Each structure stands twice: as C-alpha cells, then as structure tokens.
1. Roughly how many Å² of R54 are accessible to a 1.4 Å probe, to the nearest 10?
2. Only Cα pairs under 8 Å and at least 6 apart count here; give the relative contact order of the range 31-96 as a rounded whole percent.
3. What FRET efficiency, computed as 1/(1 + (r/R0)^6) with R0 = 25 Å and r the Cβ-Cβ distance, is obtained for D35 and E62, rounded to the nearest 0.05?
4. Quote the Stokes-Einstein diffusion coefficient, in whole µm² s⁻¹, for the range 31-96, based on the Kirkwood radius over alpha carbon pairs, a temperature of 10 °C and a viscosity of 1.306 mPa s.
5. Which value, in debye to the nearest 20, gives the size of the charge dipole of the range 31-96 about its Cα centre, when Lys and Arg are +1 and Asp and Glu are -1 at the Cβ?
6. Heads up, I need the accessible area for H73: 1.4 angstrom probe, whole protein in place, Å², nearest 10.
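The values are calculated or read from the model by the stated rules, or taken from the named source; none is laboratory data. If you're wondering where the values come from, they're calculated on a predicted model, not measured in any experiment. Cβ: placed from backbone, ideal geometry, glycine included. Neighbour counts: every protein chain shown. Only protein heavy atoms, including side chains, enter the accessible area calculation; ligands, DNA and RNA are left aside. Shrake-Rupley method; radii C 1.70, N 1.55, O 1.52, S 1.80 Å.
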Amino acid sequence: MKSGPLLLVGILVTGIAACDPGNSPKQTVDYPEMDSPAFQNYRAQCSECHVPPRTTTHTAAEWPSVIARMQQHRVQRRMAPMKASEMTAVRDYLVRNAAVGTH
Ligand code: HEC
C-alpha cells in the first residue's frame, strides 16, 4: 500500500477544509447514520489517529482489510486493540455504507 500516507494527508486536509468557521463551529462533513450508536462507535474507533474517512472511500470488499491494518497500527503504537465486537460493528457500519462497485 504505497499510497497510504498520501491518502491520509488527503483525508486530513479534507477534514480541515470541511470545517468552515464562518458557517458553523462544528465539522460539517456528513456521515451516514450520524445519530446512531453504530456511527458513535465508528467515530470512537476511527478518529484517534486521523479524521474518520468517509464510508465511500472503499468498497464493501475492501473495508475489512483496511480495518485489520488499522488494528495493527493500534498495536504498533501500544494502544489497546479494538475488541472483536467493536471491530465487527465498525465493519458492518462501513460495509453497509461503502462505495458501490469495484473502484
Ligand atoms: C492507531 C492509529 C490509527 C487508528 C486508530 C486508525 N487509523 Fe486509519 N490510518 C492510520 C495510519 C498510520 C494510516 C496511514 C498508513 C496506512 O494506510 O496504513 C491510516 C490510513 C487510513 C486510511 C487511508 C488509507 C487507505 O487504505 O484508504 C483509511 C481509509 C483509514 N485509515 C481508515 C481507518 C478506519 C476505518 C479506522 C477505524 C477502524 C482507522 N483508520 C483507525 C492510523 C490509524
């Protein structure tokens, strides 16, 4: 995955650009199911190192391996790993809101 760090920069820049101080103090990026516990869990698990990516940045087929790689990043940084139930909930949330098609 050579393009990983570059994409991360893209995600971070997008996150910052989405914050429009003239309009609202809150981040204006919209995520699916924003009022749900599934989204709360997603945000909790995926915002510690970078802005949580949009669910459509990967297909349903791709998300599980991305999540597994993020778990490795946690372990490498000596962070507590996600629990199996948390990983499953993140995966289900991302998969049902993923990009359609194969990229
Ligand atoms: C421990 C820190 C950490 C956490 C927590 C984390 N990430 Fe990441 N993430 C990274 C790093 C480092 C990169 C850049 C290297 C890479 O792509 O593996 C990255 C890059 C990404 C990318 C861009 C690269 C790609 O393959 O598209 C996506 C998407 C992503 N993360 C999704 C997630 C999701 C989903 C979660 C929650 C399950 C998550 N991240 C939680 C550290 C983290």
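1. Looks like 110 Å² after rounding.
2. RCO, the range 31-96: 44 percent.
3. On the way: r = 26 Å, r/R0 = 1.04.
Calculated value: 0.45.
4. 132 µm²/s
5. 280 debye
6. 70 Å²
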